[in-house]
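**Student:** Pasting in a structure now, in structure tokens, and then I'll have a few things to ask.
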Amino acid sequence: MSLYQYIIRRILLAIPVLFFVSIFVFSMVHLTPGDPARLMVNPKMGPEVVQAVREKLGLDRPLHIQYLLFMKRILTGDLGRSLYTRQKISTIILQRLPNTVTLVATGLLLAYLSAIPLGVMAATHRGSALDYVSMSIALVGIAMPQFWLGLLLMLAFSIRLGWFPVAGYGDLKHLVLPAITLAASVMALVARVMRSSMLEFLSKDFITTARAKGLLERIVVYKHALRNALNPVIALFGLDFGWMVGGAVMVEYIFNRPGLGRLMVESIYMRDYPVIQVLILILATSVILGNLTGDILLSSVNPKIRYR
């Protein structure tokens, strides 16, 4: 199977997944307590005003009719309008998407560029103080919740030292603390996987043979062992990408960044059904694309892997 056939096959398999995700999201959003029409109307207004708003927004129709109309808009490229701002959802998303993409891309880059060298150094210095310290830091990174780490970073580097802004969006300084917060748990996980994989390959027979031939240790480690040890790390990319996109919801809310994550929180508070549904579909699609990208990268690094 060629690469293009594999990509097309994976996209076709993703269609039923997104379909069931849309049903699940639509059902959960509409079955939760609360009425968006009542939230939009002044509490002093009577029930007839609430009913008029409900009819205007189409919320009085049966759920299956609302779902079919929602899917029709999605398939025709019309994402609908926000129940509250009455703006086009596509316009709202395009305004906030660059902020989230920048945050997730920076977080992924920071996580992998720091985790891979950290894991390699821990493996090559197994049992040393460097190994214990680096893996202890990784363990803390995995265990610490994002909201707590974000608050600690704000307290230390914004309030105490004044190096970075507390929150908001603007220049590169506004990106540093959110990116570190988002990257911490992924960096910790990748570093531990990198260490375990390196230790496994450093004990292989072909590494022993390479050393017996008199090759320099850095060539043995970085050319022979590292190339093979990267496979499980690359395989994590898809999961890490999905984790980053999901984690952006919390990070953007903490640091008051106007991205898709904060938009989702705001939409949940206001029970803005159309916006919530579109955002969760975008999240599901990004996870699928992240896994596909990870598989393609893995096959590029390891030619032995075939598309099936």
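**Student:** With an 8 Å cut-off on Cα pairs and a minimum separation of 6 or more residues, tell me the relative contact order of the chain in percent.
**Tutor:** 25
**Student:** Can you tell me which of LEU153, LEU215, LEU297 moves the most in a GNM of the chain? Springs connect C-alpha atoms under 10 Å apart.
**Tutor:** Greatest mean-square fluctuation among the candidates belongs to LEU215.
**Student:** Which of the three applies to the stretch 147-226, rounded, prolate or oblate, going by the alpha-carbon gyration tensor with a ≥ b ≥ c and a/c under 1.5 meaning rounded?
**Tutor:** The shape class here is prolate.
**Student:** Oh, and also: Can you work out the Karplus-derived ³J(HN,Hα) for every residue in the stretch 94-103? Use 6.51 cos²θ - 1.76 cosθ + 1.60 with θ = phi - 60°, whole Hz, and x for glycine or proline.
**Tutor:** Per-residue couplings from phi come out as 5, 6, 9, 4, x, 5, 5, 4, 4, 5 Hz.
**Student:** Neighbouring Cβ atoms within 10 Å as the yardstick, rank ASP78, ASP295, ASP205, ASP272 fewest first.
**Tutor:** With the fewest neighbours first, ASP78, ASP295, ASP205, ASP272 line up as ASP205, ASP78, ASP295, ASP272.
**Student:** Just to check I understand the Karplus step: with θ = phi - 60° and J = 6.51 cos²θ - 1.76 cosθ + 1.60, what whole-Hz values come out for the stretch 233-248, glycine and proline as x?
**Tutor:** Taking θ as phi minus 60°, the curve returns 5, 5, 4, 6, 4, x, 5, 5, 5, x, 5, 5, 4, x, x, 4 Hz for the stretch 233-248.
**Student:** In a GNM of the chain with a 10 Å cut-off on Cα contacts, which of SER136, SER128, SER196 has the highest mean-square fluctuation?
**Tutor:** Looking only at SER136, SER128, SER196, the biggest GNM fluctuation is shown by SER128.
**Student:** With +1 on each Lys and Arg Cβ and -1 on each Asp and Glu Cβ, and nothing else charged, work out how big the dipole of the chain is about its Cα centre, in Debye to the nearest 20.
**Tutor:** For this selection, approximately 540 debye.
**Student:** Now for a different question. For the stretch 247-296, what ratio Rg/Rh do Cα atoms give with a Kirkwood hydrodynamic radius?
**Tutor:** Here Rg/Rh amounts to 1.07.
**Student:** In whole Hz, what ³J(HN,Hα) sequence does the stretch 209-222 give by Karplus (6.51, -1.76, 1.60; θ = phi - 60°), x for Gly and Pro?
**Tutor:** Once θ is set to phi - 60°, the couplings for the stretch 209-222 become 5, 4, 5, 5, 6, x, 5, 4, 4, 5, 5, 4, 6, 8 Hz.
**Student:** Tell me the volume per residue, in Å³, of the convex hull enclosing the alpha carbons of the chain.
**Tutor:** In the chain, the Cα hull volume divided by residue count equals 166 Å³.
**Student:** While we're looking at this one, here's another question. Rank the residues GLU217, GLU252 as a footprinting-exposure proxy: fewest other Cβ atoms within 10 Å of their Cβ go first.
**Tutor:** Lowest to highest Cβ neighbour count: GLU217, GLU252.
**Student:** Then there is this: How many Lys pairs in the chain lie less than 20 angstrom apart by Cα atoms, where the lysines are 8 or more positions apart or on different chains?
**Tutor:** Lysine pairs meeting the criterion: 9.
**Student:** Follow-up. How compact and how long is the stretch 146-279, expressed as Rg and Dmax of its alpha-carbon atoms in Å?
**Tutor:** Taking only Cα atoms of the stretch 146-279, I get Rg and Dmax of 20.8, 68 Å.
**Student:** Which residue fluctuates most in the GNM of the chain (Cα springs below 10 Å): LEU152, LEU230, LEU108?
**Tutor:** LEU152
**Student:** Ranked by Cβ crowding within 10 angstrom, fewest neighbours first, how are PHE241, PHE147 ordered?
**Tutor:** PHE147, PHE241
Taken together, the values in this text are just the output of simple stated rules run on the coordinates, not laboratory data. Predicted model only: the values in this text are computed from it and were never measured. Please note: Cβ atoms are built from the backbone with ideal geometry, for glycine as well, and neighbour counts cover all protein chains shown.
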